[in-house]
1. On the first, second and third principal axes, largest extent first, how far apart are the outermost C-alpha atoms of the stretch 160-278 in Å?
2. Can you list the lysines whose alpha carbon sits under 30 Å from that of Lys18, skipping same-chain ones fewer than 8 residues off?
3. Please express the Cα-Cα pair-distance distribution P(r) of the stretch 230-301 as a list of whole percents, one per 10 Å bin, running from 0 to the bin with the greatest distance.
4. Which residues' amide hydrogens lie under 5 Å from the amide hydrogen of Thr142, considering only partners 5 or more residues apart or on another chain, with H built in the peptide plane?
5. Taking the C-alpha atoms of the stretch 539-583, how large are the radius of gyration and the largest Cα-Cα span, Dmax, in Å?
6. Contour minus end-to-end for Leu483 and Glu456, with contour as 0.36 nm per residue of separation and end-to-end as the Cα-Cα distance?
7. Rounded, prolate or oblate, given the Cα gyration tensor of the stretch 117-184, with a/c below 1.5 counting as rounded?
8. At 0.36 nm per residue, and after removing the present C-alpha to C-alpha distance, how many nm does the segment from Ala151 to Glu648 gain when stretched out fully?
Amino acid sequence: MPAHKTVSDHPDFNAVLKSLLEAPELEALHHEAAKEAIFAPIPEGVHPELVAALKAHGISKLYSHQAKAFDLVQQGKDIVVVTPTASGKTLCYNLPVINNLYYSGNTGRAIYLFPTKALSNDQMHELIDLGSGLKNPLKVHTFDGDTPGDARQAIRKMGDIIITNPDMLHQGILPHHTKWVKLFTNLRFIVIDELHTYRGVFGSHVTNVLRRLLRIAAFYGAKPQIICCSATIANPRELASRMVGRDVALIDESGAPRGERYLAIYNPPLINEELGIRASYLKRAQSIALSFILAGSQTILFVKSRIAVERLTKLLKEALTKLHKDSETIQGYRGGYLPSLRRKIEEGLRNGSIKGVISTNALELGIDIGSLDVCCLAGYPGTIASTWQQAGRVGRQGGISFSVLVTSSSPMDQYIAGHPDYLFKGAVETARIDPDNLIILLSHLKCAAFELPFVEGEKFGALSTQETSELLEFLQENEMVHLSGGRYHWVTDSYPANEIGLRSIAEGNFAVTDITDGHEVVIGEVDYFSAPETIHPKAIYMVEGVSYEVCELDWEGRKAYVKRATADYYTDAMTYSKVTILDVEESAPATLYQCEAGEVRINREVVGFKKMKFDTSENVGYDMIKLPEQEMHTSGFWLTLNSRLLEERGLNRQQQVDALLGLAHALHIVAAVALMCDMHDLGRSVGDKSAQWFAKPPSGPKNLLQNEDLSQIDNFEPTIYLYDNYPGGVGLAPAIYERKQEFLHKTMELIRDCHCAHGCPACIGPALGVDGINKDLVLKVLGLLGESR
């Protein structure tokens, strides 16, 4: 970075930056040049009072994408806007919505949908501020779990723009639509911001919530326009169209200016090469952030957990106190804080009184926090889109900005550190949803039937008339609906929306109950399929930064009893999974292997857990447990070796299995990174295709497998399975099949380029290296597979 161009006028800034850029742990530095703004005049169709309000806020012209959004909305089109952070996306929907509602004499209504309460409140204040210059301002209200009971009735009757979140829409508005007649009768617009956050299970649920919303609007005679906004993803138009069930126009060319920016990747030094353990990334991120804060740069430090927010806030405050500096210039920010405290912190960031903030991804989204100088990311956020969203929180007024990603020892982080071009130059990820997952779909069909009777021949979502009828007949057989007068009426006393969470699939959640003080207090819920891995006996369960140890898991009663604990580790469950292929939907044979995809049955059992240190992910202990086996039907991808031909090439059965174990670990990492999902969203297993044998988890730190004699298995077909870790699947396994050759190539690059000698968590897995099964064997098999395509 040129010495005369800094993000701060403080004389120490260049020294701090120089030290960081010369550190041996710096893996890569990416630079992007500044970009000039492209302006457009305020369209003639904007109401004169609104033009005056814009000019009062210093807006005398629009960015080109804002003007295009206004024009398309005026033409009656549904749109999705995809532009970078701080590009003024908010005006893309506020301007046409306020203009149209104001021209209608304040008779029209709009629903704004945001993923978080904090963002909802921020946007409410921005809307009120913009509309304050109008003679008859629109009435803007948030409606969420924090809305006082006495205010709710007034909001239903008087609100012109209702700002809410998917959970409140799902449970608090749609089932009570008869109380919202004025809103639904006059509904002109639905605004869906931060569209990219609606992916996977959550996005699949929200899609069905939107189907229910549009069904109710149609019942009241309304057909609202839909305006979506998203961070940069690979398939914004496809995602938006699938979620709203309509074709949408795409706006993806930003007219906003962008300052010069730098993004560095810093990889802490190895302290145990054999196990792939690196120095604490949290401590290094804390040190980097402190250096920039002391150099006079307003800094944001993103961390991945609430407990990390509290720990680093405490340590940074103590560091400033020791230096006789004002510790109140450092603040934490996360979900769980009171709204008043969050507003105070946001204002402190805008006016510059707060010099450093430590935040979860709660500040990743579009909340206005002014113009910061430096962004430090403690750990890879999980997606390219989130990384650039967080880095985009600095330099927001066109100045030069500097961001640094400090990577942890985790496999995904090490993939990014070893392949920086994936982050800097690679295509952004595709956001995937599967709203027609049968379990999710049926859950929302129940909700829709509760809200309004289904007319015979009516369709729901993407289902055909016949498919909808078959599901309604199923509900009738189970005495949930009754067909009378050509309509399916809801007939049970249950309230279906209350039983359905938007972030899990299975019903029958476990209640997590704190018994520390001698009485029972429910502090959380865990879905059925996640329970064995999350709240098994002796598991560490965390809520708002507080650690709890599970004392007892009542499987039949669906309860986990916990007590507060002081633990410097988290627990990672070890599972034994058997996979049975039920239906082959895709197949691509090659000489030495075959790739297939289809429906599979998973029989899974948690048999133990590891204790992993927070800072380094170091394994500091393990224990064995016994829990009931679970069964799940889902989507799977599998790769099967031609064992006989590989034996002819000098690889015996045990070597083939050893190679597959390492390959499965690395392929799992590559798939999770590329598909924009968590490692736990994908399950993996290694075994025989005919389910005669499956690899078992370790019984101790040095014993990798408890193998039967592989020579005794007839027609041995060693197979890797990667499957969606959700009942019915959410589209991950089919995507792996579609990109199988790309993923195999990236898997080879990952293993080949890893700095370790034999194997580590960042490539083929730590236990493989410990037991002497080295990555050369895995690379040999990958090489043979590549030759046989």
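The values are calculated or read from the model by the stated rules, or taken from the named source; none is laboratory data. All values reported here derive from a predicted model rather than from experimental measurement. Cβ sites come from the backbone with ideal geometry, for glycine too, and all protein chains shown count toward neighbours. Note: areas computed on protein heavy atoms with side chains; ligands, DNA, RNA excluded. Shrake-Rupley method; radii C 1.70, N 1.55, O 1.52, S 1.80 Å.
1. 64, 37, 25
2. Lys5, Lys35, Lys283, Lys304, Lys314, Lys317, Lys322, Lys325, Lys355, Lys425
3. Using 10 Å bins, I get a P(r) of 14, 24, 20, 24, 17, 1 for the stretch 230-301.
4. It is Ile163, by chain and number.
5. So, for the stretch 539-583, Rg and Dmax equal 14.9, 47 Å respectively.
6. Details: separation 27, 0.36 × 27 = 9.72 nm, distance 0.86 nm.
Contour length minus Cα-Cα distance gives 8.9 nm.
7. On the way: a/c = 2.17, a/b = 1.42, b/c = 1.53.
Because a/c hits 1.5 or more and a/b fails to exceed b/c, the stretch 117-184 counts as oblate.
8. Working: separation 497, 0.36 × 497 = 178.92 nm, distance 7.65 nm.
Taking Ala151 through Glu648 to full extension adds about 171.3 nm, to one decimal.
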